[in-house]
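Take a look at the structure below.
We did not get these values from a lab; they are worked out from the coordinates using the rules stated. Being a predicted model, the structure only gives us computed values, none of them experimental. Neighbour counts are summed over all protein chains in view; Cβ atoms, including those assigned to glycine, are modelled from backbone coordinates with ideal geometry.
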Amino acid sequence: MKSIHQTHAQTPLSAEPSIHPSSQIWNSHAGEWTSVGPHNKIIESRIGDYTYTMDDVTMNYAEVGKFTSIASHVCINPVDHPMDRVTQHHMTYRRASYGFDETDDERFFDWRRGNRVSIGHDVWIGHGAIVMKGVTIGTGAVVGSGAVVTKDVEPYAVVVGVAARQIKSRFPKEIVDSLLRIAWWDWPRDTLMERFGELDDTLAFVRKYG
């Protein structure tokens, strides 16, 4: 059997958002140098500069910061069904589609919109993770693959499991506090380019800019 080797060159990005043509996006905003991968479904969300999503990501009613990395098959803010009604079926709020009324139940959709997810800067969300409604994930946090996040996550915390629990912090508290003060994610691009070579050494970076 012959081995097959394929060279994959990543498409260069630019200040203009890169949106894969197979993705569906409604009433949303993507910042500069962003990338939305194949087969995403994004509804009424804001995506900060340099953030990217991989394939098959679902995002509803979310605020996502800058430089955040969202792996494939992540679901952010899965929408609820009305468990307090006689039936949970969506005919009770998508009633026009079923011919039960001339309009849908906009109050229900407004309720969904009111339970937004907030994700900070430089967050890494692993493959297949689910972030439930109303959750806030702090800057610099890591969400492990397959985790189900049901409550807020502290900045720079690493959480895993179902339901997700914190197993460690990426850095000691004094480093975390310094990084939050520096807020490098807000630097203009020319500053980021000038200091880009310093991003690999956290201790030296904090000593210099913290």
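The figures follow:
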quantity: FRET efficiency, Leu199 to Ile167 (Cβ-Cβ, R0 35 Å, nearest 0.05); calculated: 0.90
quantity: Principal axis dimensions, the range 69-164 - Cα atoms, whole angstrom, descending; calculated: 48, 23, 20
quantity: Computed lengthening from Glu154 to Thr191, 0.36 nm per intervening residue step minus Cα-Cα distance; calculated: 10.6 nm
quantity: Choice from His127, His20, His90 with maximal GNM fluctuation in the chain (Cα, 10 Å cutoff); calculated: His90
quantity: ³J(HN,Hα) computed for each position of the range 124-133 - Karplus, 6.51 cos²θ - 1.76 cosθ + 1.60, integer Hz, glycine/proline x; calculated: 10, 10, x, 3, x, 6, 10, 10, 7, 4
quantity: Bridge type composition, the chain - antiparallel percent by DSSP, nearest 5; calculated: 10 percent
quantity: Long-range amide H partners of Tyr50 with built H, under 5 Å; calculated: Glu32, Trp33, Thr34, Phe67
quantity: Inverse mean reciprocal Cα-Cα distance (Kirkwood Rh) of the chain, Å; calculated: 19.0 Å
quantity: Computed lengthening from Phe109 to Thr87, 0.36 nm per intervening residue step minus Cα-Cα distance; calculated: 6.2 nm
quantity: Label-reachable residues, the range 196-210, where backbone N falls under 18 Å from a point 7 Å from Ser69's Cα toward its Cβ; calculated: 196-203
quantity: Ratio Rg/Rh, restricted to the range 132-210 and using Cα atoms, in which Rh is the Kirkwood radius; calculated: 1.05
quantity: Coil-residue trypsin sites (Lys or Arg not before Pro) of the range 1-100, DSSP, other Cβ within 10 Å capped at 16; calculated: Lys2, Arg85, Arg94, Arg95
